[in-house]
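Q: Please find one structure pasted underneath; my questions will follow.
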Amino acid sequence: MSYYEMTDQLLSAGKCLTYQWSTPRNVLMWEHKRYLEKQYSEENPDKVCFVRNSEVPLALENNNFHYFSNGVLVHCFAPNVAEKRIGRIRKMLAYHGYEINHIIGPKEKEDMLQCYEIVLDITDQAQKREDKPEALEVVAFEKMQDFVQYCFDNDNVLLTAAKDYGFISERRKYVALFASGLLVVSEDYREDDGFRGNAGVKDFISHNISYFPMLKRIYVPQSWLDVLYREAAKYNWYLSPKDADKKYQPQNADQLEYMQKRCEDLLQGRTCVCVTIPRVRYKTMYWEASETSPDYKRYVLFDDGKLVLSKLKHTYINNEKDLLVDNLHKCFPQMKFDIEKVPDEWITYLLEEIAKRQKSAHDIYIETMMKKVCLLKTAIDISLVSAQDAVAKFAGWSDWSELETVDESQARHLIACEQDLERRAQNAGYDNSVYYDGLKYLDVLVKQGIPREKGMNFFKEIGRRVRNAEV
């Protein structure tokens, strides 16, 4: 049975309640959502709202499972982790009054790619068949306390402040994730598109979305987010920021010396090939960066095929059952891996040392963004500083100086985001993402006090390239 036939059967038997109806690619729904949000906010400046699709009540942040109105769950989780992840999905669904009565997913690791493509096809087909702008509705909160009650209703647990989950307190500055899948983000960290935004938010989502079901995010004022954590402190599952940040017991001197010596042996004469995230191609796009992220998957790969895996993350008896190894083979088909498993803290140490000895992800990200700066500066004839700040703001930073503070893990993830954006621009017919998002760059520059007239030639060039892209 083909993917389309499987998808057709699923969509005919039940309504998909989880697909991503709000994406830039889905122009009609995306623009109508933004129109409703803007209209309400202009008419009610003191209130907070979000737009939901009444026919897709559980729209997700990404594609790794789908749930249908007839109780069918379709997923692409590895067989060895599926039970635990489906358990969390069951809990999420229960908060909303749903239950699972049939599961479709990989029986063997070889089935994972097929299931992944079915999940993606469900999203594509559901967008084409099911989207109705008239189904969009504004959900508004006049008072902060109304929103707090909405979040904690039905004994909902704030996972990012709970004892049973290991989230560092830094996350509480900008995001709150609940067991119901509710994902709340501070307005200060808003993104204007599905593949950009604040580095911390994207890093949080990338590292955790495979473990925890996340519904499409809701933005609220920073003060409202702070109140959610103060409210959480009233519950017995609450974990204080201080306790959340407690590290593992430090190594003794002998263990530390041994780790440093062995890691030095591993580094000698080798070049790391995962300073940036190796990417698996899927048709004209890339797979999720988290699938091969060294930070998320906890590994280091060298140019001679030496693959160092964290014992904590990779517990399989047979290395060939490790999905990461399969994915890395797709990235480096000519490479033969020599696998060694080490304590998890060795991975952290190796990545830190590699950043000192090779061109770092930080430097590569800065170079990537400087190319955009130079293009924007030349196209609009503005100062270097103005172009730098415009590019930084567009990427989710407050200014260029903040962008330069990016750490290695963030940089790796953001480089992958830029790769996705460039690929999306190319698929749309543009030769770079600056022209692809040109009108939005002009809006950023206008907010910086640069007259729109300054960008007229750029505007005309965008128009020409839009026509070429449409052809």
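Q: Can you work out the Karplus-derived ³J(HN,Hα) for every residue in segment 447-458? Use 6.51 cos²θ - 1.76 cosθ + 1.60 with θ = phi - 60°, whole Hz, and x for glycine or proline.
A: Whole-Hz 3J(HN,Hα) from phi for segment 447-458: 5, 8, x, 8, x, 4, 4, 4, x, 4, 5, 4.
Q: Once Rh for segment 308-415 is found with the Kirkwood sum over Cα pairs, what is the Stokes-Einstein diffusion coefficient at 25 °C and 0.890 mPa s, in µm²/s?
A: For the chosen part, D equals 148 µm²/s.
Q: If only Cα atoms are counted, what is the Rg of segment 221-347, and what is its Dmax, in Å?
A: 19.3, 56
Q: Between residue 287 and residue 459, what is the label-to-label distance in nm when each label sits 7 Å out along the Cα-to-Cβ direction?
A: Reported label-point gap for residue 287 and residue 459 is 4.5 nm.
Q: Here is a further query. Count the lysine pairs in segment 21-113 whose Cα atoms lie under 23 Å apart, taking only pairs 8 or more positions apart in sequence or on different chains.
A: The result is 5.
Q: Quick query: amide H of residue 59 versus all other amide H atoms, modeled in the peptide plane; which residues come in under 5 Å with a sequence gap of 5 or more or a different chain?
A: Here the answer is 216, since their amide H atoms fall under 5 Å of that of residue 59.
Q: If I model segment 5-54 as equal point scatterers sitting on the Cα atoms and use the Debye formula, what is log10 I(q)/I(0) at q = 0.14, 0.16, 0.22, 0.32 Å⁻¹?
A: Once normalised to I(0) and log-transformed, intensities are -0.51, -0.61, -0.86, -1.12.
Q: Further question on the same structure: With a cut-off of 17 Å, note down the residues of segment 129-172 whose backbone N falls inside the zone around a label point 7 Å from the Cα of residue 15 toward its beta carbon.
A: Answer for segment 129-172: 129-138.
Q: Continuing with this model, one more query. Provide the FRET efficiency to the nearest 0.05 for the residue 37-residue 261 pair, computing r from the beta carbons and using R0 = 56 Å.
A: 0.50
Q: Solvent-accessible area per residue for segment 75-194 at a 1.4 Å probe radius, Å²?
A: Accessible surface, normalised per residue, equals 49 Å².
Q: Between residue 446 and residue 47, what's the calculated FRET efficiency when r is the beta-carbon distance and R0 is 25 Å? Round to 0.05.
A: 0.40
Q: Which pairs, out of 202/356; 246/393; 202/336; 132/216, put more than 23 Å between their alpha-carbon atoms?
A: Exceeds cut-off: 202/356; 246/393; 202/336.
Q: Per residue, how much accessible area does segment 342-471 have with a 1.4 Å probe, in Å²?
A: Ligands and nucleic acids excluded, the result is 48 Å² per residue.
Q: Describe numerically, in nm with one decimal, the distance between label points set 7 Å from Cα along Cα→Cβ at residue 398 and at residue 345.
A: With each label placed 7 Å out from Cα toward Cβ, I get 3.4 nm.
Q: Quick check: pseudo-label points 7 Å beyond the Cα along Cα→Cβ at residue 428 and residue 155, how many nm apart are they?
A: Result: 4.7 nm between the two label points.
Q: Separate question: Add +1 for every Lys or Arg and -1 for every Asp or Glu among the other residues with Cβ under 13 Å from the Cβ of residue 17, and state the total.
A: Neighbour charge sum, excluding residue 17 itself: 0.
Q: Accessible area of segment 321-471 with a 1.4 Å probe: how many percent of it is carbon plus sulfur?
A: Of the solvent-accessible surface of segment 321-471, carbon and sulfur hold 51 percent.
Q: Let me ask another. Consider just the alpha-carbon atoms of segment 373-432 and return their Rg together with their Dmax, both in angstrom.
A: That works out to 12.7, 34 Å for Rg and Dmax.
Q: Let me ask another. Expressed in whole Å with the largest first, what are the equivalent ellipsoid semi-axes of segment 1-154 derived from the C-alpha gyration tensor as the square root of 5 times each eigenvalue?
A: 31, 19, 12
Q: Lys and Arg at +1, Asp and Glu at -1: add these up for the other residues within a Cβ distance under 11 Å of residue 398 and post the number.
A: -3
Q: Among DSSP beta bridges lying fully in the chain, give the percent that are antiparallel, nearest 5.
A: That works out to approximately 65 percent antiparallel.
Q: Once you sort the root eigenvalues of the Cα gyration tensor of segment 50-113 as a ≥ b ≥ c, which label holds: rounded (a/c under 1.5), prolate (a/b larger than b/c) or oblate (the other case)?
A: Here segment 50-113 falls in the prolate category.
Q: Can you give the net charge of the other residues whose Cβ lies under 12 Å from the Cβ of residue 177, counting K and R as +1 and D and E as -1?
A: +3
Q: Could you calculate the contour length gain from residue 30 to residue 384, that is, 0.36 nm times the residue separation minus the distance between their Cα atoms, to one decimal place in nm?
A: 124.2 nm
The values are calculated or read from the model by the stated rules, or taken from the named source; none is laboratory data. If you're wondering where the values come from, they're calculated on a predicted model, not measured in any experiment. Methodologically, a virtual Cβ is constructed for each residue, glycine included, from the backbone with ideal geometry; neighbour enumeration extends over all protein chains shown. We work out accessible area using only protein heavy atoms, side chains counted, and drop any ligands, DNA or RNA first. Shrake-Rupley method; radii C 1.70, N 1.55, O 1.52, S 1.80 Å.
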